[in-house]
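Chemist: I'd like to ask you about the structure that follows.
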Amino acid sequence: MDFDRLTQVMRKLAIEAGEKIMEIYDGPDFDVRAKSDDSPVTAADEAADALISDGLRAAFPEMPLVTEEQSDSHGQSVSTFLIVDPLDGTKEFVQRRGDFTVNIALVEDGQPTRGVVYAPAKGRLFYTDASGVSVEEQGPFDADTPGATAPIKVSTPDAALRVVASKSHRDAATDDYIGKYEVADMKSAGSSLKFCLVATGEADIYPRLGRTMEWDTAAGHAVLGGAGGKVVRFDDHTVLGYGKPGFENPFFIAYAPGVDLAKP
């Protein structure tokens, strides 16, 4: 894989998809439909997916592609592949809360190694550079011309932790687990932004005790990994792997390595 080209293509496609999403977000009311799993989908999801998947297939025709909005891609058995969630946080999008992201990642041998997370309504863009180091680019963003970037790095946590949890999927089990820690600060965020808040050191730990799919997490996982963070299974603290049957994740914990993880 040409990582320089991959970084350029993923960044460009994420920004272009974000522009399409924001046209719909800032426009008049849009239709919201329910998919077979009752999750919402909008024209923004579909427009962003078409743009990204067409761009990736043109640039990397030999690389398997898994994308949320194309169910025929979900039956593949692959360990090295590109994976896309064109609009993560559709509920946040529908409610116009801004916490939604465009996510594109490369998984190699079951681990996300490169990724981009773009939050167009928040004006934040995170990605791994060609060497695998994670950076945040400063806006305004131009699809064809990268702006100034700064490396990001996970925190060195204090005894009392800064916790980030899901805005739309918080439950009693999550609160019970968080209660095992001394907590200095608690914040909620939508979509894969939670991984990025840990990656930048704005939070120390993100536990997820709920259903997610690999396209929800791969890009954020890659960004966090490139910033020195880790993502492990909730049950046994082994590394969260990718290319699982159906691309469904178990519960997991994303964290800065200085956190002493509590047992489930």
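Chemist: Can you name the number of the only condition in (1) under 25 Å from LYS20 (Cβ atoms); (2) assigned by TED's automatic domain parsing to the domain that holds LEU240 that PRO120 fails?
Modeler: (2)
Chemist: OK, next. From the set of residues in the range 99-111 that are crowded, with 17+ Cβ neighbours inside 10 Å and not hydrophobic (A, V, I, L, M, F, W, C), which is farthest from the chain's Cα centre (by Cα)?
Modeler: Narrowing the range 99-111 to residues crowded, with 17+ Cβ neighbours inside 10 Å: 99-107, 111.
Subset that is not hydrophobic (A, V, I, L, M, F, W, C): 99, 101, 103, 111.
Details: ASP99: 12, THR101: 7, ASN103: 5, GLN111: 14 Å.
So, considering only residues that are crowded, with 17+ Cβ neighbours inside 10 Å and not hydrophobic (A, V, I, L, M, F, W, C), the one farthest from the chain's Cα centre (by Cα) is GLN111.
Chemist: Additional query: Could you please find all residues in the range 116-141 being on the phi > 0 side of the Ramachandran plot and touching a residue at least 24 places away in the same chain (Cβ under 8 Å)?
Modeler: If the condition is that a residue be on the phi > 0 side of the Ramachandran plot and touching a residue at least 24 places away in the same chain (Cβ under 8 Å), then GLY132 is the only one that fits.
Chemist: If you scan the range 94-120, which residues turn out to be part of a loop (DSSP other than H, G, I, E, B) and modelled with pLDDT under 95?
Modeler: GLN95, ARG96, ARG97, GLY98, ASP99, PHE100
Chemist: Going by the conditions given, is LYS91 touching a Pro at 6+ places or on another chain (Cβ under 7 Å), under 27 Å from THR42 (Cα atoms) and outside any strand (DSSP E or B)?
Modeler: yes
Chemist: Same structure again: Within the range 1-86, which strands (runs of 3 or more DSSP E) (wholly inside it) include 2 or more residues that are over 20 Å from the mean Cα position of the chain (by Cα) and either modelled with pLDDT under 95 or of a type outside the set (Ser, Thr, Tyr) (or both)?
Modeler: Correct list: 32-34.
The values are calculated or read from the model by the stated rules, or taken from the named source; none is laboratory data. Treat the numbers as computed from the prediction; the structure is a model and nothing was measured. Counting neighbours? That spans all protein chains shown, and the Cβs are built from the backbone with ideal geometry, glycine included.
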